[in-house]
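I have placed the structure first, in the form of structure tokens, so that the comments after it can refer back to it.
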Amino acid sequence: MATSSYGLIATFDTAPEIYQAAQKVRDAGYKNWDCITPFPVHGLDGAMGLGRSLVPRISLVGGIIGFCTGMSMIFWTGAVDYKLIVGGKPFFSPMFAFPVSYELTILFTAFATIGGMFFLNGLPMHYHPVLKYKDIKRGMDDTFFIVIESRDPRFNLANTKALLEQAGGKAITELEA
């Protein structure tokens, strides 16, 4: 049974090394790759060419839907479903609907944020081929990695390995899928 390749992984010792290597990989035109670091590296997302996350937009949409749901629910119950005149109060007033709408805005925003984050990160992912790499645990302690996936249109085993070597990568290893 032949095993297919997931991609290449290269090891780097310091944050400046991986930062400069990420710029070289980005400039080479790769799209399906990632950096694994033991701590956040300031500016690495820019060096990787990543844009802003879509999660805030998804959160905004969730909040707007929550607010509209609250207003609609109070309008429906007060003006359509259960018309009750008490002391000359109108069937619907945004002032009376605001507490419910406010709470539903917060609730729907939280659900949209968590759901958007899970969806955009591809979670739940119970297994990833990078976890087969023997030294991957060092990525949580003192080592930095760049992983370039074989599904990238620019991936060529020899050329990609040469790029990682030229970028200063050590222990360049092919990952099996």
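The values are calculated or read from the model by the stated rules, or taken from the named source; none is laboratory data. Owing to the predicted nature of the structure, the values given are computational and were not obtained by experimental measurement. Note that we place each Cβ from the backbone using ideal geometry, even for glycine, and neighbour counts take in every protein chain shown.
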#### Entry: Evaluation of G7 against (1) surrounded by fewer than 16 Cβ atoms within 10 Å (Cβ to Cβ); (2) touching a Lys or Arg at 6+ places or on another chain (Cβ under 9 Å) (one fails), failing number
(1)
### Message
Being among the hydroxyl-bearing types (S, T, Y) and over 18 Å from S5 (Cβ atoms) is the filter here; which residues of segment 124-145 pass it?
### Response
T143
### Query
Which pairs have Cβ atoms under 7 Å, sit 6 or more apart or on different chains, and link a residue in segment 139-155 that is under 15 Å from M48 (Cβ atoms) to one that is of a type in the set (S, T, Y) and in a strand (DSSP E or B)?
F145/T11; E149/Y6
### Criterion violated by F96 - all others in (1) outside the structural domain of T37 (by TED's automatic domain parsing); (2) at pLDDT below 90; (3) surrounded by fewer than 12 Cβ atoms within 10 Å (Cβ to Cβ) satisfied
(3)
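For segment 70-77, state whether one or more residues are in contact with a helix residue (DSSP H, G or I) (Cβ under 8 Å, 6 or more places away or on another chain), surrounded by 13 or more Cβ atoms within 10 Å (Cβ to Cβ) and among the polar types (S, T, N, Q).
We begin by selecting, within segment 70-77, every residue in contact with a helix residue (DSSP H, G or I) (Cβ under 8 Å, 6 or more places away or on another chain); these are 70-71, 73-75.
When the remaining residues are screened for being surrounded by 13 or more Cβ atoms within 10 Å (Cβ to Cβ), the result is 70-71, 73-75.
Narrowing the set further to residues that are among the polar types (S, T, N, Q) leaves none.
No - not one qualifying residue is present in segment 70-77.
From A21, A15, grab the single residue that is in contact (Cβ under 8 Å) with a residue 24 or more places away in the chain, within 22 Å of E149 (Cα to Cα), of a type outside the set (K, R) and touching a Cys at 6+ places or on another chain (Cβ under 9 Å).
On the way: A15 fails: touching a Cys at 6+ places or on another chain (Cβ under 9 Å).
Only one candidate passes the filter, namely A21.
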### Query
Does segment 38-49 hold any residues that are surrounded by 13 or more Cβ atoms within 10 Å (Cβ to Cβ) and assigned to a loop (DSSP other than H, G, I, E, B), and which are they?
P38, V41, G49
### Query
Is it fair to say E103 is more than 23 Å from R26 (Cα to Cα), among the charged types (D, E, K, R) and surrounded by 12 or more Cβ atoms within 10 Å (Cβ to Cβ)?
yes
### Message
Please go through segment 38-56 and give me each residue that is without any contact (Cβ under 8 Å) to a residue 12 or more places away in the chain and under 30 Å from L104 (Cβ atoms), ordered by number.
### Response
R52, P56
